[in-house]
Amino acid sequence: MAIVQKLYTGDGSQTNFSFPFPYLKQADVKATLNGAATSAFTFATAQELSFTTAPANGVNIRIYRDTDTDTLQATFSPGSAIKAEDLNSNYTQNNYASQEAKADSLQAPTALSNSQNAVTTANAAAADAATALTAASNAVAYQPQLTSQPSPQAPLTATTSKY
């Protein structure tokens with residue numbers, strides 16, 4: 001399988017990172033730091049990026065190819081000569097795009113599993129929150145009624161009548 005990316009972990013001091021894949025234009029080479037796109041790099045060599053600031057210790061670095069497919073490398077007009085170089089350029093562009101699509105599709109099962117785990121976690125959190133809300137509502141609703149105890153009465157004593 002074609003290599004379309006290279007992964008590294010930052011150490012806080014290294015700024016230059018090489019990558020093994022070919023590309024058509026420098027604009028097709030991209031990078032992310034912990035999943036966030038960054039353009040804070042230059043090309044030190046044709047196969048090496050130099051980040052403006054060293055990625056911090058533990059930062060996930062991804063250098064990858066994202067071939068522009070919006071415009072063909074060469075276009076053909078009626079009556080013009082078709083050159084092998086132009087055909088090869090278009091083929092290479094489409095080949096790179098296919099390689100990138102295949103690499104992305106291979107990550108789909110992992111992404112699906114991660115999203116299912118996220119839904120399960122979210123549902124469990126929602127259930128826990130509902131339980132907590134019910135407990136809080138019950139605590140607020142429970143207001144014991146304090147009743148005063150009758151005061152002890154003086155003992156009844158027998159009295160004698162004068163009648």
(request) Report P(r) for region 1-85: all Cα-Cα distances, bin width 10 Å, range 0 to the bin holding the largest distance, values in whole percent. (result) 16, 43, 22, 11, 6, 2
(request) Can you pull the one-decimal nm distance between simple spin-label points at ALA136 and ASP86, each 7 Å off the Cα toward Cβ? (result) 6.9 nm
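What ranking do 30-42, 118-130 get when scored by the average of other Cβ atoms within 10 Å per residue, highest first?
On the way: 30-42: 13.5, 118-130: 10.0.
Ranking, from highest mean packing down: 30-42, 118-130.
Please compute the contact order of region 1-144 in relative form: average sequence separation of alpha-carbon pairs under 8 Å and at least six residues apart, divided by the residue count, as a percent. It would help to have the intermediate numbers written out before the result.
Working: 163 pairs, mean separation 33.6, N = 144.
About 23 percent, as a whole number.
Using only Cα atoms, figure out Rg for region 65-144 and give it as a multiple of 2.2 N^0.38 Å.
Values: Rg = 28.1 Å, N = 80, 2.2 N^0.38 = 11.6 Å.
It is 2.42.
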(request) Would you work out the relative contact order for region 1-53, in percent, from Cα pairs under 8 angstrom that are 6 or more residues apart? (result) 36 percent
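Every read-out reported here was derived from the displayed coordinates using simple, explicitly stated rules and does not represent laboratory data. None of the values given here were measured: they were computed from a predicted structure. Virtual Cβ from ideal backbone geometry, glycine too; neighbours counted across all protein chains shown.
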